[in-house]
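Each remark here refers to the structure printed beneath this line.
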Amino acid sequence: MTKISEPNGTFHHQDGSNITRLPDEFYTDFLSDIAKNRRPSPIRSLFPLEKTPGVISLLAGKPNSSTFPFTSLSFSVVSPTSSDEMTLTIDGAELQLGLQYSSTEGIEPLLDWLYGLQEVNHGRKRGEGWRISVGCGSQDLIYKAINAMVNPGDTVLVESPAYAGVIPMFASLHCNQIEVQTDAHGICSSSLCTTLEQWPAGKPKPKVLYTVPYGCNPTGMTATTDRRKEVLQLAREHNFIILEDDPYFYLYYGKAPRYPSYFQLELEEPEVGRVLRFDSLSKILSAGIRIGFTTGPDMLLKAIDQHTATVEPPGALADP
Ligand SMILES: Cc1ncc(COP(=O)(O)O)c(C=O)c1O
């Protein structure tokens, strides 16, 4: 399937479908003051120079990989669908890459694999205005996303009862958390609609909605496709971004097809770019390894990456 990107961010597919993404300028109003004032890491901005032929880089205090004591790592693993054990070995250049400082969004082979995963599971094509960044669990990335978008004192929409892990994040920014009801079909779009339609004139509307669409923690409820579509429509009408926290997406055991994610469903909207998705490997691989990744519009990911690059040592992705 070939595609051509137009200057306005429209992608044409051979099958006749078009996808238009929201322009970069759209996100200016969604970035917090702290995100707008954050400057790129001086170390990371110089990384491209390392590729200059003949340059011996002393940048970022990178140790010489040949001095690492690990020469090979082997893991014994079982597949969830069989009891057969197999051994995975990582060594050579691949191991050296993994042990070294890396680019902020994550090491390339892992990112390539994650892009493929998102394409398969959410029907989104790489290069169409969205990106992925890896973090120390999805919670790390949710915290950075909230910091990138919310100013102290802002009003935010949070489904209720909410995942206990995000309440302190909003509370530390002294946010006014507006509860959105949930029931057996997940988030109540009607409750959200009423809240937004009755919004006091002159009071800034919330910029974000936080929701856990699959097997919500703590309710266990999953939002139906209709509810998700209604929430997406409200996001367009009332101009907010959906923070789709989905660590339980892969823990679906039903026989019927899995409900599509917000990230997938927004393909049916006139424009894409209102969903920032969070995935976690904690529930399916290991919580100790603590790998999560966020997927969404380039401008929001850039703000999250700048946070990572300024507060954490480069490449520190797996801090349990
Ligand atoms: C809804 C929800 N979001 C995020 C997390 C944190 O996930 P991670 O381990 O990837 O940081 C959890 C963990 O229980 C959770 O239930």
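The values are calculated or read from the model by the stated rules, or taken from the named source; none is laboratory data. Only a predicted model underlies this, so the values are computations on that prediction, with no experimental measurement involved. Backbone-built Cβ (ideal geometry, glycine too); neighbour counts: all protein chains shown. Calculation scope for accessible area: heavy atoms of the full protein, side chains included, ligands and nucleic acids excluded. Shrake-Rupley method; radii C 1.70, N 1.55, O 1.52, S 1.80 Å.
Of the residues GLN118, GLN96, the single one that is on the phi < 0 side of the Ramachandran plot and in contact (Cβ under 8 Å) with a residue 40 or more places away in the chain is GLN118.
Looking at ARG236, ARG227, just one residue is among the basic types (Lys, Arg) and farther than 22 Å from ILE146 by Cβ, and that residue is ARG227. Filtering segment 190-233 to residues that are aliphatic (A, V, I, L, M) and surrounded by fewer than 22 Cβ atoms within 10 Å (Cβ to Cβ) leaves LEU196, ALA201, MET221, LEU232. Are any residues in segment 251-268 of a type in the set (Ser, Thr, Tyr) and modelled with pLDDT of 95 or more, and if so, which ones? Correct list: TYR259, SER261, TYR262. Just one of the numbered conditions (1) open to solvent by less than 50 Å² (accessible area, probe 1.4 Å); (2) in contact with a helix residue (DSSP H, G or I) (Cβ under 9 Å, 6 or more places away or on another chain) is not true of LEU49: (1).
If you check every pair at least six apart or on different chains, which have Cβ atoms under 6 Å apart with a residue in segment 148-162 that is surrounded by 22 or more Cβ atoms within 10 Å (Cβ to Cβ) first and a residue that is assigned to a helix (DSSP H, G or I) second? From segment 148-162, the pairs are ALA148/ALA35; ALA148/ALA303; ALA148/ILE304; MET149/PHE30; VAL156/PHE170.
Among the residues of segment 245-270, the ones that are within 16 Å of the ligand (Cβ to nearest atom) and either part of a helix (DSSP H, G or I) or open to solvent by less than 10 Å² (accessible area, probe 1.4 Å) (or both) come to 6 in all.
Are any residues in segment 108-123 part of a helix (DSSP H, G or I) and of a type outside the set (A, V, I, L, M), and if so, which ones? Of everything in segment 108-123, those that are part of a helix (DSSP H, G or I) and of a type outside the set (A, V, I, L, M) turn out to be GLU108, PRO109, ASP112, TRP113, TYR115, GLY116, GLN118, GLU119, ASN121, HIS122.
Tell me which residues, restricted to segment 181-217, are closer than 18 Å to TYR259 by Cβ and within 16 Å of the ligand (Cβ to nearest atom).
Scanning segment 181-217 gives THR182, GLY186, ILE187, LEU209, THR211, VAL212, PRO213, TYR214, GLY215, CYS216, ASN217.
Among residues belonging to segment 271-289 that are of a type in the set (Lys, Arg) and not in a strand (DSSP E or B), point out the one that is farthest from the ligand (Cβ to nearest atom). Of everything passing the filter in segment 271-289, ARG274 is farthest from the ligand (Cβ to nearest atom). When segment 119-147 is limited to residues that are within 16 Å of the ligand (Cβ to nearest atom) and under 30 Å from GLN14 (Cβ atoms), the one that is surrounded by the fewest Cβ atoms within 10 Å (Cβ to Cβ) turns out to be ILE132. Would segment 188-208 turn up any residue that is within 19 Å of the chain's Cα centre (by Cα) and among the aromatic types (Phe, Trp, Tyr)? No, the conditions are met nowhere in segment 188-208. Please tell me if TRP113 is open to solvent by less than 70 Å² (accessible area, probe 1.4 Å) and among the aromatic types (Phe, Trp, Tyr). Answer is no for this residue. Of all residues in segment 124-159, those satisfying the criterion of being small (Gly, Ala, Ser), at pLDDT 95 or above and part of a loop (DSSP other than H, G, I, E, B) are GLY137, GLY153.
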